[in-house]
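Readers should treat all values here as calculations from the given coordinates under stated rules, not as data from a laboratory. The structure presented is a predicted model; accordingly, all values stated were derived computationally and were not measured. Glycine gets a Cβ as well: all are built from the backbone with ideal geometry, and neighbour counts include every protein chain shown.
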Amino acid sequence: MIDTVVRWLLTTGLHIALVVVFAVLVTRAIRAIARRVSRRLNTSGGAEHSQSSRHRQALVSVLASVAIALLYTGVALDVAARLGFPIGSLVAPAAVLGGALGFGAQRIVGDLLSGFFVITEKQYGFGDLVELTITGGGTARGTVEAVTLRVTRLRTGDGEVYTIPNGTIVKSLNLSKDWARAVIDIPLPATADIVAVNDVLRDVSAQALRTDRLAHLLLDEPQVMGVESIQVDTINVQMVARTLPGKQFEVGRELRALVVPALRREGIATPV
């Protein structure tokens with residue numbers, strides 16, 4: 001009896017142990033490689049990530065997960081065969097069980113398919129600012145922290161984290177794809193000299209490209225769109241600026257900080 005146990009441990013048991021250790025080591029290697037590639041993509045574009053690098057980061061994460069899943073599937077089949085389980089005879093029961101589970105796993109399958117199309121169609125990626133409309137009419141807005149085949153994880157400005165199954169996403173609004181637009185509305189008294197206001201705003205637009213805080217965020221010189229709307233006592237003048245992805249809010253704040261003193265220097269006040 002003892003000889004049989006020892007023989008089993010030296011043959012089948014040793015093989016199973018080596019296979020499990022191999023799977024653990026390969027899993028760590030895959031994750032280490034995925035982290036290294038992600039860090040390289042994260043730093044290759046400097047402080048600002050390109051849309052393609054974000055997509056590649058999401059793709060690396062998914063490929064690593066799929067590779068690990070395939071690895072452990074193969075290990076499980078090998079261990080089952082070594083333990084004497086009749087793998088061939090389990091095909092038919094597994095098919096019946098899979099059909100039964102399929103009815104209960106439709107949501108998971110839907111999540112996986114939706115995640116696949118999100119990644120392959122480059123709808124959004126790591127670091128993008130997005131607003132997702134979820135089944136039922138709710139919305140979730142935040143920065144993408146992770147995209148897998150099953151879920152998308154967002155972090156809001158308050159630090160809260162949304163984990164959203166991809167199958168529940170009805171519509172995605174990417175606020176940082178390729179480039180963004182900062183829109184600055186400037187309310188003025190109805191008696192303001194529009195020609196003088198436009199001249200001031202054009203000077204501000206030229207100045208913005210020479211400002212250290214804005215030069216690296218703007219893609220071109222901000223444009224003065226003119227009068228956007230008219231009220232009884234006020235008019236609204238609008239400026240727009242094309243910015244790097246996700247930087248439209250920062251650029252908007254900086255431009256407003258330039259517009260207000262420029263108007264005051266010319267004696268043009270915003271309405272109380």
Provide the descending list of Cα extents for the stretch 180-265 along its principal axes, expressed in whole angstroms.
38, 23, 16
Give me the extension gain from residue 253 to residue 158: residue separation times 0.36 nm, minus the current Cα-Cα distance, reported in nm with one decimal.
32.3 nm
Tell me, in nm to one decimal, what length is gained between residue 141 and residue 171 on full extension, where the rule is 0.36 nm per residue of separation less the Cα-Cα distance?
9.6 nm
Calculated FRET efficiency for the pair residue 199/residue 179, C-beta based, R₀ 35 Å, to 0.05
0.80
Please report the relative contact order for the stretch 180-265, taking Cα pairs under 8 Å with a sequence separation of at least 6, and give it as a percent rounded to a whole number.
42
When the charge dipole of the stretch 133-257 is computed with +1 on Lys and Arg Cβ and -1 on Asp and Glu Cβ about the Cα centre, the Cα farthest towards its positive end, among 207, 167, 252, belongs to 167
At a Cα cut-off below 18 Å, give the aspartates and glutamates reachable from residue 177, other chains included and same-chain residues fewer than 8 away excluded.
48, 121, 128, 131, 145, 220, 250
Each label sits 7 Å from Cα toward the beta-carbon; between residue 80 and residue 265 the label points are separated, in nm, by 7.6
For the pair residue 25 and residue 71, the simple spin-label estimate (label points 7 Å beyond Cα toward Cβ) gives in nm 1.2
